[in-house]
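Report on the structure given below.
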Amino acid sequence: MLLSISQVRDEKASRAFVGKTVEVCGVVVADYRGPDQLGGVYLQDADAKDAGDSSTMFLRIDRSEAVSVGDHIHVKGVLVRAGERPQLKPDVSEGSVAVRNDGKIASARPHELTFDGREIDWKSLDGRLVRFTDDMIVTDTHDLARYGQVTLSANERLYVATEMIDPNDADPAGVSTAGDSNVAAVNAFDDLSRNRSIVLDDGSAKENPESLYLLNATENSNGTRTLRVGTRIKNLTGIVTNVRGRFMVMPSGNLDIEYAERPAVPDLGECDVKIASFNVLNYFTTIDNGRNQARGADNAEEFQRQEAKLVSALNALDADVIGLMEMENKPGVEKRLVAALNRDVEGTPYQGVGRPDGLSDAPGGGNAIRVGIIYRRDRVKPVDSVQMVVDPAFYDARTPLVQTFHRVGEKTRFTVVVNHFKSKGSRGAKGADRDMKDGQGANNASRRKQAEALVEYVAALQQKHGAVNLLILGDLNAYSQEDPIDTLRAAGLIDLVHTHSSEEKPYSYVYYGRAGCLDHAFATPELASMVSNTAIWHINSSEPKFLDYNLEFNPKPYYQPDAFRSSDHDPVLVGLDLE
């Protein structure tokens with residue numbers, strides 16, 4: 001008995017045919033019979049008057065069958081299940097379903113799908129062939145190596161809501177740090193982002209495959225292939241499917257891809273001094289054995305891989321002063337990193353400022369990780385020993401370090417304050433630090449107090465010395481429209497990333513496919529007048545995670561001891577013209 005796919009998908013109408021031998025026909029719209037793929041094809045009704053009315057079903061067919069996309073075929077077998085997931089099995093006397101190929105005598109039109117900001121009813125599209133009328137942008141590659149999946153968004157990459165929307169002020173230029181008058185706009189921004197995104201799946205059920213889907217077929221100069229956030233896919237056509245309660249699309253044919261290129265080190269223009277900020281992602285010389293609370297490499301090989309990538313990135317920055325976050329807080333770690341840097345540079349120019357006296361007793365000084373400062377002694381010279389900001393606000397964060405420098409042979413001084421504010425993680429957050437559901441995450445009250453402590457520290461210096469050339473930089477764990485950043489702006493400090501950078505929408509971090517700035521640079525007005533340029537070098541946040549130093553879920557052939565994915569944060573660079 002010949003049934004249409006629409007009939008087979010109608011559970012009530014086809015109930016009488018379940019358990020019987022039937023024949024269905026349609027056009028092959030997707031073929032997933034490659035190695036490690038689903039082992040079958042998708043058929044779609046060929047005679048639907050409208051693409052939105054057509055039905056599709058998956059059929060397991062041997063790879064030996066001469067069937068390709070666009071063929072009109074008849075498939076005969078036992079209908080063992082009808083409804084949303086119809087299933088056809090071979091007759092007991094046959095090894096596989098019977099297939100008759102009529103050739104390319106029909107066409108199947110995909111359902112045209114446009115992202116217009118409204119929520120899409122993916123359930124109604126389950127199993128359908130669709131074509132995305134928008135260009136689709138890769139926004140997240142976290143699951144690329146493990147599941148062969150990437151997240152796409154329509155037309156442009158996605159941003160964290162509070163990178164763009166202030167929960168307290170309708171005007172982004174506002175600096176209020178209290179109230180929730182604009183939280184509805186934050187939520188609306190998040191809803192719009194969700195409505196503009198979908199996961200692209202490789203059509204395989206295998207985890208951790210040896211060959212990775214969507215990687216650029218053209219190798220970079222160092223032999224590495226990559227798939228960066230920002231890569232553009234045009235005219236995407238595929239099958240909508242539901243995987244463990246999550247809707248995805250599997251491509252039905254070749255993809256038209258414009259791969260995003262890796263950026264060169266930013267040009268800071270004419271400047272005398274280059275200063276950088278870099279979160280080094282848990283650089284621990286103590287190997288993590290699962291019991292010792294270490295946070296970095298799990299074995300000696302991972303540590304070697306981690307250090308090689310960090311050395312490559314830090315040397316490529318060619319900065320005179322570098323503020324570091326997430327170094328293991330124990331003696332000797334900074335010296336180990338400096339020694340590794342100097343092995344690759346003539347004249348062993350790198351030097352660390354060390355740990356200030358009394359760090360362990362200062363608020364935040366007992367944290368497992370700390371901030372640090374290294375510099376090139378052939379270019380700049382420290383003034384006195386390293387200092388710190390001692391304030392109760394930092395008890396649950398990291399103690400900020402302070403160091404004043406001047407160029408070798410010159411007198412103009414500048415001071416660097418390196419920071420790593422409390423994270424957004426909600427574990428243990430209580431009272432005012434609970435996640436207030438305003439887009440700022442947990443511990444916002446603590447981060448705001450830490451920003452206030454820096455403002456007080458700067459004000460004390462200004463009261464004592466008058467004008468000061470001071471730069472606050474580091475991982476502030478706050479996006480650009482959040483309270484801690486407003487606190488610094490309200491104090492008259494200059495947000496260099498947004499005032500002295502040519503990037504229209506700067507970002508330093510990507511979280512679940514949303515980009516934003518967690519890493520910042522603020523200057524006193526005196527120093528801001530000397531800034532030649534500020535830039536973020538996107539070597540980490542836009543790169544797939546599997547290119548980092550870890551061995552688990554990271555195919556070894558893709559590892560390179562280069563700067564890319566040396567961390568999860570991008571470094572910030574500031575150029576100063578001190579003359």
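Read-outs throughout are calculated quantities, based only on the coordinates presented, and are distinct from any laboratory measurement. For clarity, every value in this text was computed on a predicted model and none was experimentally measured. Using ideal geometry, Cβ is built from the backbone for each residue, glycine included, and neighbour counts are taken over all protein chains shown.
Would you mind listing how long segment 238-318 runs along its three principal axes, going by Cα atoms, in whole Å with the largest first?
Taking max minus min along each principal axis of the Cα atoms, segment 238-318 gives 53, 48, 20 Å.
Mind ranking 56-62, 110-116 by how tightly packed they are, going by the mean number of other C-beta atoms within 10 angstrom, highest first?
Going from most to least packed, we get 56-62, 110-116.
Using only the Cα atoms of segment 385-470, what do you get for the radius of gyration and for Dmax, in Å?
Values for segment 385-470 (Cα only, Rg and Dmax): 16.0, 52 Å.
Percent of Cα-Cα pairs per 10 Å bin, from 0 to the last occupied bin, for segment 7-156, please list those.
With 10 Å bins starting at 0, P(r) equals 10, 34, 35, 17, 4, 0.
Under unit Cβ charges (Lys, Arg +1; Asp, Glu -1), what dipole magnitude, rounded to 20 debye, does segment 425-579 have relative to its Cα centre?
Charge dipole, segment 425-579, about its Cα centre: 560 debye, nearest 20.
Looking at the P(r) of the chain, how many percent of alpha-carbon pairs lie beyond 29 Å? Please list the in-between numbers first.
Working: 100709 of 167331 pairs.
Counting every Cα pair in the chain, those more than 29 Å apart make up 60 percent.
How far is the Cα center of segment 152-219 from the Cα center of segment 276-293, in Å?
Measuring centre to centre over Cα atoms gives 28 Å.
What ranking do 512-522, 557-567, 426-436, 180-190 get when scored by the average of other Cβ atoms within 10 Å per residue, highest first?
Peptide ranking by packing, descending: 512-522, 557-567, 180-190, 426-436.
Hey, what does the equivalent ellipsoid look like for segment 183-270, semi-axes from the Cα gyration tensor as sqrt of 5 times each eigenvalue, largest first, whole Å?
Rounded to whole Å, the semi-axes are 27, 24, 12.
With no solvent and one point per C-alpha, what does the Debye sum give as log10 I(q)/I(0) for segment 273-576 at q = 0.10, 0.15, 0.16 Å⁻¹?
With one equal scatterer per Cα and no solvent, log10 I(q)/I(0) is -0.51, -1.25, -1.45.
Stokes-Einstein D for segment 322-430 at 10 °C, 1.306 mPa s, Kirkwood Rh over Cα pairs, in µm²/s?
Value of D from the Cα-based Kirkwood radius: 107 µm²/s.
Please identify the GluC sites (Glu not before Pro) of segment 411-506 that satisfy two criteria: DSSP loop assignment and at most 14 other Cβ atoms within 10 Å. Which are they?
Counting only loop positions with at most 14 other Cβ atoms within 10 Å, the GluC sites (Glu not before Pro) in segment 411-506 are 503, 504.
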